[in-house]
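Asks: First the structure, then my questions, so here it is.
The values are calculated or read from the model by the stated rules, or taken from the named source; none is laboratory data. Nothing here was measured: the structure is a model prediction, and the numbers come from that model. Cβ coordinates were reconstructed from backbone atoms using ideal geometry, including for glycine residues, and neighbour counts include every protein chain displayed. Calculation scope for accessible area: heavy atoms of the full protein, side chains included, ligands and nucleic acids excluded. Shrake-Rupley method; radii C 1.70, N 1.55, O 1.52, S 1.80 Å.
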Amino acid sequence: MNDSDNPLTGAGLDTLAVRAGCHRSPEGEHSEALFLTSSYVFASAREAAERFSGEEPGNVYSRYTNPTVRAFEERIAAMEGAETAVATASGMSAILSTCMALLEVGDHILCSRSVFGTTTVLFTKYLQKFGVATTFVDPTDYDQWEAGFQHNTKLVFVETPSNPLCDLVDIRRLADITHAHGAQLIVDNCFCTPALQRPIEFGADLIIHSATKYIDGQGRCLGGVVAGPKETIDEVLAFVRSAGPTLSAFNAWVFLKGLETLSLRMDAHSRNALTLAQWLVKQPQVEKVFYAGLPDHPGHDMAQKQQSAFGGVLSFRVKGGQEEAWRVIDSTRILSLTANLGDAKSTIVHPATTTHGRLTPEQREQAGISDNLIRIAVGLEDVEDIKKDLERGLKQL
Ligand SMILES: *Cc1c(COP(=O)(O)O)cnc(C)c1O
């Protein structure tokens, strides 16, 4: 099929979110079929031989290919503007598989210091054991990025906006720096999703997602995906097939359904978060609010350049310390006290003692994770009810 035969050529993001990757079976199902099967039956010994050798395309075993998983990969690739994608069992296995496929002993990773905590653990504790070193830099300091490169730097890894302080990184600028050093830029696009930000348009090489978050959108399944050029993704795919961190067909099917409403949900999350941030700024018990939708946030202009909305995660400092922050958290009756995010249900967490609890006090201080900081992943409830839930605790301070 050439491009002019594909009815989705040039289609908008919302159309791709609903339609990309749909290949109906002979039953003519309208909703994507769930192929819950580990293996596939061949019509003849010859066909089996040809499928195994790769002479004839087709399914052999679901660690290699599964039609439901493939549909999810095609849809994500289309939405990110990538050539192709490979799905994995979790966001972490997407990151691990990419590193295993693209790095070897003696290589170096240059990484934002404001990345998901487990990513830091993976790079420092595990990749280090296999001779891959990582340097962490302040993501908003481009001199630090420049200075961090070594002759053996292969991958640059960043999240934007960062968690929990919403620091923005200029993807175009970092991509240019990365390419000048002959390395590849990986963007963990979990917080924005392709509904709000498509880093490949700004020069990123690979996109990683924890599909567990907004892509699922209702906190049900774990999954991940890596999107990028076919040549690179084929390497990652080869690792996934050999090592087995394969996405289950059921989870892929849930994510396909999640993608159909992704942009509606991201708009609603962003709208609620902005309203809440603007309200929090006015509360006398609140010291500072971190949300790129606020005009005085240092990433405000950058966010408007590379994102179509500001996203659903914000954080704020209450006046006082850990005791005051915990009091606000413990006074909520609607918000869920959990570290997960990207759910229809709003979540609240104390980063210093949970998500960032493994950092030393100095590392926390450097990263701005103070004891009075609270993070909220704003859900889809009526925002007035979220305000009331927070007001109860704030009024006690
Ligand atoms: C949750 C998360 C991950 C890890 O994803 P899992 O699906 O939990 O393995 C990676 N990056 C970011 C930004 C995340 O929020």
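Asks: With angles folded into 0 to 90 degrees, how steeply does helix 249-260 sit against the dominant principal axis of the chain? Use alpha carbons for both and round to 10.
Replies: 60
Asks: Could you work out, for the stretch 263-394, what percent of all Cα-Cα pairs fall into each 5 Å distance bin, beginning at 0 Å and stopping at the bin that holds the largest distance?
Replies: The distribution over the stretch 263-394 is 2, 11, 21, 24, 21, 14, 6, 1, given as percents.
Asks: Follow-up question, since we're still on this one. With point charges of +1 on the Cβ of Lys and Arg and -1 on the Cβ of Asp and Glu, referenced to the Cα centre of the chain, which listed residue (82, 133, 273) lies farthest in the positive direction of the dipole?
Replies: Final value for the positive-end residue is 273.
Asks: Rg to Rh for the chain: what is it, with Cα atoms only and Rh by Kirkwood?
Replies: 0.99
Asks: So, one more: Mind pulling the angle between the C-alpha long axis of helix 383-394 and the longest principal axis of the chain? Nearest 10 degrees, somewhere in 0 to 90.
Replies: That works out to roughly 50 degrees.
Asks: Related question: Just from the alpha-carbon atoms, what are the Rg and Dmax of the stretch 21-120 in angstroms?
Replies: For the stretch 21-120, the Cα radius of gyration and maximum Cα-Cα distance read 17.7, 54 Å.
Asks: Go from 0 up to the bin containing the longest alpha carbon distance in the stretch 221-297, width 10 Å each, and give me the % of pairs per bin.
Replies: 15, 27, 22, 22, 13, 2
Asks: While we're on this one: Under a 10 Å cutoff between Cα atoms, tell me which one of 258, 131, 299 has the largest fluctuation in the Gaussian network model of the chain.
Replies: For the chain, modelled as a Gaussian network with Cα springs under 10 Å, the answer is 131.
Asks: Rounded to the nearest whole Å², what accessible area per residue is found for the stretch 3-260 with the 1.4 Å probe?
Replies: On a per-residue basis, the stretch 3-260 sits at 43 Å².
Asks: Another question, then. Considering Cα pairs under 8 angstrom that are at least six residues apart, work out the relative contact order of the stretch 3-260 and quote it in whole percent.
Replies: 25
Asks: Sort 30-38, 341-349 by packing, meaning the average of other beta carbons within 10 Å per residue, with the highest value first.
Replies: 341-349, 30-38
Asks: Further question: Filter 125/257; 154/288; 319/388; 288/395; 213/288; 125/345 down to the pairs with a C-alpha to C-alpha distance above 28 Å, please.
Replies: Table pairs above 28 Å Cα-Cα are 125/257; 154/288; 125/345.
Asks: If you place +1 on the Cβ of every Lys and Arg, -1 on the Cβ of every Asp and Glu, and leave all else neutral, what size is the dipole of the stretch 146-198 about its Cα centre, to the nearest 20 Debye?
Replies: 160
Asks: Take the alpha carbon atoms of the stretch 239-313, find their center, do the same for the stretch 24-55, and report the distance between the two centers in whole angstrom.
Replies: Centre-to-centre (Cα) distance: 37 Å.
Asks: Among DSSP bridges having both ends in the chain, what percentage is antiparallel? Round to the nearest 5.
Replies: 55
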